[in-house]
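What follows is one structure encoded as structure tokens, with my remarks underneath.
Every number in this text was worked out from the coordinates using simple rules, so none of it is lab data. Not measured: the values here are computed from a predicted model. Positions of Cβ are generated from backbone atoms using ideal geometry, with glycine treated the same way; all protein chains shown enter the neighbour counts.
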Ligand SMILES: [Mn+2]
């Protein structure tokens, strides 16, 4: 028998069982009304192309998503929300918190928001994996950056708290891009004061970040100490995933013991698998809470994939594990997220910024697919 001869007893392969085949069918249901409208507006604003260009959707001046390497960089080339009073017109606001004076080793995360915006231009809105188009199905804006005070941590915290509260209190999902991880404290403070009920936190990091002070200040090693002092942010609802290594664990672990936070190390994940780890995280973070916030430090992913970060620690998550984990978390719904510690001066080929961008996109795509945000909202239980 030749190697291509079929075993007659075996069921014939059904192409319809493949994910992509299902997505081919589902694509028409997503629709393209908004994308068509954006194309018409681009033609209006950017002049019709020269006569030799056959595709008449192309314009003379770039006014849309293509070419990816051209145009003005907002996140996913979404509208710039210049008047922040208009933010309530959107489902999601991308906001930069370009602060890196909470850094204890390599600086540079102040350039994180711009790096994520720049690499986001690579993507269109459709995900084959998730079967969603976040440009078509979600109203996103880029509200620009928060005015941080470069040499003053506490004033910066107040500025970030006020900005995040402004976005969140208007019913808009905030995507806050740091900056170093110290910004998570004001991010959480800004949300918690407008939340009815308790807030759970799922925190991805190689570092535990829960000591009270570091070198006499509230640096990027301290935010979860201060966040869990907020009355409706309980330490028992803080889950820290992918923690470990040789940096900063000792003072933090003492606090984690006192406060009874849940710390899941990389070794735990090796033993139980990422799915089980996330199931535990969801159970702990959601217990008696009305919302959960996702804080994602890019250094939770192995340094081989994330060279552009401030406090590298080998032995982290694989990108596929991280993306799967955040999709599982977003499936249950979250109230906001931050993505921190991308330091472009140390990056290689934008790979760290790109992974950070993908974490955000996979979260947003899942929130749309599951009916938490955007056009499908309310269509699922
Ligand atoms: Mn970290």
Exercise for the section: Choose one answer from 145, 83, 209: the residue with the largest mean-square fluctuation in a GNM of the chain with alpha-carbon springs under 10 Å. Expected result: 83
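Estimate the FRET efficiency between residue 213 and residue 28 by the formula 1/(1 + (r/R0)^6), using the beta-carbon distance for r and 56 Å for R0, to the nearest 0.05. Show your work: numbers first, answer last.
Numbers: r = 56 Å, r/R0 = 1.01.
Once the sixth-power term is evaluated, E becomes 0.50.
Arrange 246, 286 by Cβ neighbour counts within 10 Å, fewest through most, would you?
Values: 246 10, 286 18.
Ordered by Cβ neighbours within 10 Å, fewest first: 246, 286.
Could you put 167, 342 in order, starting from the residue whose Cβ has the fewest other Cβ atoms within 10 Å?
Details: 167 27, 342 34.
Final ranking by Cβ density, sparse to dense: 167, 342.
Rounded, prolate or oblate, given the Cα gyration tensor of segment 146-293, with a/c below 1.5 counting as rounded? All intermediate terms of the calculation are to be shown ahead of the outcome.
Working: a/c = 1.85, a/b = 1.25, b/c = 1.48.
Because a/c hits 1.5 or more and a/b fails to exceed b/c, segment 146-293 counts as oblate.
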Handout entry: Cα gyration tensor shape for segment 1-120, rounded if a/c is under 1.5, else prolate or oblate
Key = oblate
Exercise for the section: Run a plain Debye calculation on segment 73-214 (Cα atoms as equal point scatterers, no solvent) and give log10 I(q)/I(0) at q = 0.09, 0.10, 0.22 Å⁻¹, rounded to two decimals, same order as the q list. Expected result: -0.29, -0.36, -1.45
Handout entry: Dimensionless Rg over Rh [segment 284-331; C-alpha; Kirkwood]
Key = 1.07
Completion exercise
Unit-weight point scatterers at every alpha-carbon of segment 213-368, Debye formula, q = 0.14, 0.16 1/Å: log10 I(q)/I(0) is -0.71, -0.95
Practice task
Quick one: work out the % antiparallel among DSSP beta bridges in the chain, nearest 5.
Solution key: 10 percent
Fill in the blank from the handout: When 220, 166 are arranged by how many other beta-carbons sit within 10 Å of their Cβ, fewest first, they go 166, 220
Handout entry: the chain - Rg (one decimal) and Dmax (whole number), Cα, Å
Key = 21.8, 76
Fill in the blank from the handout: Between the alpha carbon centres of segment 158-230 and segment 250-292 the gap in Å comes to 17 Å
Practice task
Taking only Cα atoms and a 10 Å spring cutoff, compute GNM fluctuations for the chain and point out the largest among 367, 238, 130.
Solution key: 130
Handout entry: GNM result for the chain, Cα springs below 10 Å: residue of 140, 23, 351 fluctuating most strongly
Key = 23
